[in-house]
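Student: Okay, here's the structure, questions in a sec.
The values are calculated or read from the model by the stated rules, or taken from the named source; none is laboratory data. Keep in mind that what you see is a predicted model, and the values were worked out from it rather than measured. Neighbour counts are summed over all protein chains in view; Cβ atoms, including those assigned to glycine, are modelled from backbone coordinates with ideal geometry. The area values use the complete protein model at the heavy-atom level, side chains included, leaving out ligands, DNA and RNA. Shrake-Rupley method; radii C 1.70, N 1.55, O 1.52, S 1.80 Å.
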Amino acid sequence: MTHYLICDLNIQKKGHYIGYNQYIINGIAKIKGSTDRRYTFLYNEEAKDFLSFPDILKDDVHFLNDNCWSNVSMKDKIRLFKKAVTIANELNVDHLIFMDLDQYQFPIFRSAFSFKLSGVLFRPHHRITHSSDTFKSKLASRIQRFKKIIAEKFLISKKNVENVFILNDEEGVKFLNKFHNTNQFKFLQDPIFSYPSSLKSYEEDGVVKFLIFGSMNERKNITTIVNAFAATNFTTKAELLIVGHAEQSYLTYLHDLVNNLPGIHRDKRITIKSGFVTDEEMDNYFHSATVCLLIYKDFYGSSGLLGRAALHNKKVIGANVGLLKELIEKNGLGITCDPKSETEISKALVEILNKDFSSENFQRFFETYSPETFFKTLLQLRV
């Protein structure tokens, strides 16, 4: 019997891939005893607060008693991965599935282990591009790309590394395998989860709602979007709704920013809702939105929120760079714009309201990214 250990040391309140892990946990609970494979789990201690474990798996779940996600130094990452290796060896694991390879590529290279290893790489080098045409921006992107290339080479140089999964990027997988002269990179569909929901509507007659969802930080490009929204002349009532967890310092900054903006009034308002959001509440927000904003700054990959918007037939505005741009335009899910330009964002906020997209586009995208396919591919079950 082949023994798999599923490991994620970065489960936290900010919502790091909780949905992925919960779906895998529930799926394995359903197949336990009916397969010739054994599955156990290793998480950071904080995962107890955010994941639920069926009774049938109570003896299969282990926790690393470290505040893993706050340990940011490479020395800490090496130490943590070696602890994971020790636990895997104690459990006689044959294959470790590491849910977040990005932070652990060098620690994996530095560690000795005899079992196979596979995992998800969220930010490969090939999607990095400069955010502006300045020399500083171009130099920074080249340095960042070079660092990621080195990290990837460290990772795939380990003979034990079997599969490095890349989300939603078939052409990227082909490029990476050719670039590194390997076949270790594999395509993995980013799943769109459908949660039980009462779908309570927050809709108001005559009000268009723009939604920014997720952890509140500048990667979401919130400052630029807020300024663009304030400068936009709408022909109808409009609301920018910002929902998700925020550190207190950033939340204070955001409230100060909004409170001092000109052009914000009863018919054009900005609402901030900070705190942990349940799956049901998340679906309610997407269900009630008119447009979902994915205008991320310095981000070149995909986003699970694109699938969440498609599930609810909501058009999106995304950044005009990277994989997200390709997915939006290829599948007819919305429009894209320059994430650095308040003027371009403002134009897009008006333009999207006058564009219609076929509901078939959203349905087709949702069906393509089946959670079952993600589950079977990652765990190497028959698809």
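Student: Kindly check whether there is at least one residue in segment 260-270 that is under 22 Å from Met282 (Cα atoms) and among the basic types (Lys, Arg).
Tutor: Scanning segment 260-270, I find at least one residue that is under 22 Å from Met282 (Cα atoms) and among the basic types (Lys, Arg), so the answer is yes.
Student: Of everything in segment 346-368, what is open to solvent by less than 20 Å² (accessible area, probe 1.4 Å) and closer than 21 Å to Arg127 by Cβ? Give them in sequence order.
Tutor: Within segment 346-368, just Phe365 meets the criteria.
Student: What pairs come up if the first residue lies in segment 20-41 and is under 21 Å from Ile87 (Cα atoms), the second is surrounded by 15 or more Cβ atoms within 10 Å (Cβ to Cβ) and of a type in the set (Lys, Arg), and their beta carbons are under 8 Å apart, counting only those six or more places apart or on different chains?
Tutor: So the pair list comes out as Tyr39/Lys32.
Student: Go through segment 280-310 and give me each residue that's among the hydrophobic types (A, V, I, L, M, F, W, C) and farther than 22 Å from Glu170 by Cα.
Tutor: Correct list: Met282, Phe286, Ala289, Val291, Cys292, Leu293, Ile295.
Student: Specify the residue that is surrounded by the fewest Cβ atoms within 10 Å (Cβ to Cβ); the eligible residues are those in segment 315-327 that are farther than 11 Å from Leu293 by Cβ and of a type outside the set (D, E, K, R).
Tutor: In this case the residue turns out to be Asn320.
Student: Now for a different question. Does Leu378 satisfy the criteria of being without any contact (Cβ under 8 Å) to a residue 60 or more places away in the chain, out of contact with any Asp or Glu (no Cβ under 7 Å at 6 or more places or on another chain), buried (at least 22 other Cβ atoms within 10 Å of the Cβ) and not aromatic (Phe, Trp, Tyr)?
Tutor: Against the criterion (without any contact (Cβ under 8 Å) to a residue 60 or more places away in the chain, out of contact with any Asp or Glu (no Cβ under 7 Å at 6 or more places or on another chain), buried (at least 22 other Cβ atoms within 10 Å of the Cβ) and not aromatic (Phe, Trp, Tyr)), Leu378 does not qualify.
Student: It is to be established whether one or more residues within segment 350-358 are closer than 22 Å to Val226 by Cα and touching a helix residue (DSSP H, G or I) at 6+ places or on another chain (Cβ under 9 Å).
Tutor: no
Student: Just give me the residues in segment 147-183 being in contact with an Asp or Glu (Cβ under 9 Å, 6 or more places away or on another chain) and buried (at least 20 other Cβ atoms within 10 Å of the Cβ), in sequence order.
Tutor: Across segment 147-183, the qualifying residues are Ala151, Val164, Leu167, Asn168, Asp169, Leu176.
Student: Within segment 328-341, identify whether any single residue is within 22 Å of Ala228 (Cα to Cα), of a type in the set (D, E, K, R), open to solvent by 20 Å² or more (accessible area, probe 1.4 Å) and touching a residue at least 60 places away in the same chain (Cβ under 8 Å), and answer yes or no.
Tutor: For segment 328-341, residues within 22 Å of Ala228 (Cα to Cα), of a type in the set (D, E, K, R), open to solvent by 20 Å² or more (accessible area, probe 1.4 Å) and touching a residue at least 60 places away in the same chain (Cβ under 8 Å): present.
Student: Here is a list: Glu367, Glu351, Glu326. Which entry is over 22 Å from Asn21 (Cβ atoms), at pLDDT 95 or above and part of a helix (DSSP H, G or I)?
Tutor: The match here is Glu351.
Student: Here are the criteria: (1) open to solvent by 70 Å² or more (accessible area, probe 1.4 Å); (2) at pLDDT 95 or above; (3) of a type outside the set (A, V, I, L, M). Tell me which single one Trp69 does not satisfy.
Tutor: (2)
Student: How about segment 266-282: which of its residues are modelled with pLDDT under 90, closer than 19 Å to Lys220 by Cα and over 20 Å from the mean Cα position of the chain (by Cα)?
Tutor: Scanning segment 266-282 gives no hits.
Student: Let me ask you something else. Might you let me know whether segment 128-139 holds any residue that is in contact with a Gly (Cβ under 8 Å, 6 or more places away or on another chain) and in contact (Cβ under 8 Å) with a residue 60 or more places away in the chain?
Tutor: yes
Student: From Met74, Met99, which residue is out of contact with any Ser or Thr (no Cβ under 8 Å at 6 or more places or on another chain) and buried (at least 19 other Cβ atoms within 10 Å of the Cβ)?
Tutor: The conditions single out Met99.
Student: Which of the residues that make up segment 1-57 are in contact with a helix residue (DSSP H, G or I) (Cβ under 8 Å, 6 or more places away or on another chain), in a loop (DSSP other than H, G, I, E, B) and among the small types (Gly, Ala, Ser)?
Tutor: Result: Ser52, single match.
Student: Just checking, which of Asp133, Asp169 is among the charged types (D, E, K, R) and within 21 Å of Thr377 (Cα to Cα)?
Tutor: Unique residue meeting the criteria: Asp169.
Student: Would you check which residues across segment 3-60 are of a type in the set (Ser, Thr, Tyr), farther than 16 Å from Asp279 by Cβ and surrounded by 15 or more Cβ atoms within 10 Å (Cβ to Cβ) and list them?
Tutor: Across segment 3-60, the qualifying residues are Tyr4, Tyr39, Thr40, Tyr43.
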